[in-house]
1. Step by step: first the residues of the range 69-81, then only those that are touching a residue at least 60 places away in the same chain (Cβ under 8 Å) and under 20 Å from the mean Cα position of the chain (by Cα), then the one that is surrounded by the fewest Cβ atoms within 10 Å (Cβ to Cβ). Which residue is that?
2. Out of everything in the range 1-16 that is hydrophobic (A, V, I, L, M, F, W, C), farther than 23 Å from ALA131 by Cβ and in contact (Cβ under 8 Å) with a residue 40 or more places away in the chain, what residue ends up being surrounded by the most Cβ atoms within 10 Å (Cβ to Cβ)?
3. Contact list please: Cβ distance under 8 Å, first residue in the range 258-270 and under 16 Å from SER122 (Cα atoms), second residue among the polar types (S, T, N, Q) and part of a strand (DSSP E or B), pairs at least six apart or on different chains.
4. Go over the candidates ALA44, ALA17, ALA77, ALA85 one by one and state the one that is in the same structural domain as ALA146 (by TED's automatic domain parsing), in contact with an Asp or Glu (Cβ under 8 Å, 6 or more places away or on another chain) and not hydroxyl-bearing (Ser, Thr, Tyr).
5. Hey, does the range 201-223 have a residue that's among the aliphatic types (A, V, I, L, M), closer than 21 Å to HIS34 by Cβ and either part of a strand (DSSP E or B) or free of Cβ contacts under 8 Å to residues at least 60 places away in the same chain (or both)?
6. Among PRO64, PRO93, which is assigned by TED's automatic domain parsing to the domain that holds GLY120, more than 20 Å from ALA12 (Cα to Cα) and over 15 Å from the mean Cα position of the chain (by Cα)?
7. Can you tell me how many residues in the range 137-146 are in a helix (DSSP H, G or I) and either aromatic (Phe, Trp, Tyr) or crowded, with 21+ Cβ neighbours inside 10 Å (or both)?
8. Looking only at the range 17-38, count every residue that is within 16 Å of MET140 (Cα to Cα), surrounded by fewer than 21 Cβ atoms within 10 Å (Cβ to Cβ) and touching a Ser or Thr at 6+ places or on another chain (Cβ under 9 Å) and tell me the total.
Amino acid sequence: MITVNNVAALRAAVTQARAEGKRIGLVPTMGNLHAGHIALVHTARQHAAFVVASVFVNPLQFGPNEDLDKYPRTLAADQAQLEAAGCDLLFAPTVSEMYPDGTAVQTRVSVPELAKELCGASRPGHFDGMATVVNKLFNMAQPDVAVFGQKDYQQLAVIRAMVRDLNMPIEIIGEPTVRADDGLALSSRNGYLDATQRALAPLLQRTLQAMAEAIQGGERHYEALMTRHRQVIAGSGLRLDYLDIREASSLRPAHANDEQLVILVAAYAGNTRLIDNLVFERATVADKAQ
């Protein structure tokens, strides 16, 4: 694996790989890699002969009171994991390489309809910053395929909409969430949790599972279902941001007759913001009759 930190070197390597007839895969990350990130690399390898991973802590997607300064930066360990996973190239640019004129004057990319609710309501500007840097990485690496984790379900939806709306010839693949044995979705921010908070955190996935089971059992009063489970989370010691049932592809509020559903949750354990989701197909009357 080679490591480069500038766009010219990245493009030269990608141009060479494409001249050899190789399909290009991209795995954008913010580093501090865990098994979930490595799963993205393995999936990219299944779809591309030349796999590029990026490590860049993007300042545009952090709010003024968020954890940009303390976000873990572990480049040497990330390099070792990526090489072991069979990655071909690591792109690890500086902020000045990504934003040579500074972030204040950087052109922004916005997907307003999908970005205004859920995490977008709690983190104003976050998805604009994310979409902007992903757009730049797409232009820099020019991949045929890019892989993102489904743990950040709204992020994945925003990226898919951006690619569709801007006519980008890139296949977007969503990788299923990788979890710890107790169900907690793996995240770089899990390292912030103390023992008490870590013990509480799996409640989020258990709540999503309980709600999905209720829906599969015939529950259609979604507001009442959400209210009950919001109270469970709020009473647990976690601080709830949101808990919502949405139609899976559009992310609009779910209707009782929707079949493709996603339940999304965000909550704080201390100062650490955790997110999770559960995507499923609602059982229909016909399904139950079989």
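The values are calculated or read from the model by the stated rules, or taken from the named source; none is laboratory data. Owing to the predicted nature of the structure, the values given are computational and were not obtained by experimental measurement. When we count neighbours, we look across all protein chains shown, and the Cβ atoms used for this are built from the backbone with ideal geometry, even at glycine.
1. PRO72
2. Selected residue: ALA13.
3. Filtered contacts from the range 258-270: LEU264/ASN277; VAL265/ASN277.
4. Result of the check over ALA44, ALA17, ALA77, ALA85: ALA17.
5. As a first pass, look at the range 201-223 and keep what is among the aliphatic types (A, V, I, L, M): 201, 203-204, 208, 210-212, 214-215.
Keeping just the survivors that are closer than 21 Å to HIS34 by Cβ gives 201, 203-204, 208.
Add one more test, that the residue is either part of a strand (DSSP E or B) or free of Cβ contacts under 8 Å to residues at least 60 places away in the same chain (or both), and what stays is 203.
Checked the range 201-223: at least one residue is among the aliphatic types (A, V, I, L, M), closer than 21 Å to HIS34 by Cβ and either part of a strand (DSSP E or B) or free of Cβ contacts under 8 Å to residues at least 60 places away in the same chain (or both).
6. Sole residue among the options that is assigned by TED's automatic domain parsing to the domain that holds GLY120, more than 20 Å from ALA12 (Cα to Cα) and over 15 Å from the mean Cα position of the chain (by Cα): PRO64.
7. 4
8. So the first thing to find is which residues in the range 17-38 are within 16 Å of MET140 (Cα to Cα), and the list is 17-18, 23-29.
Imposing the further condition that a residue be surrounded by fewer than 21 Cβ atoms within 10 Å (Cβ to Cβ) reduces the set to 17-18, 23.
Adding the requirement that they be touching a Ser or Thr at 6+ places or on another chain (Cβ under 9 Å) leaves none.
So the answer is 0.
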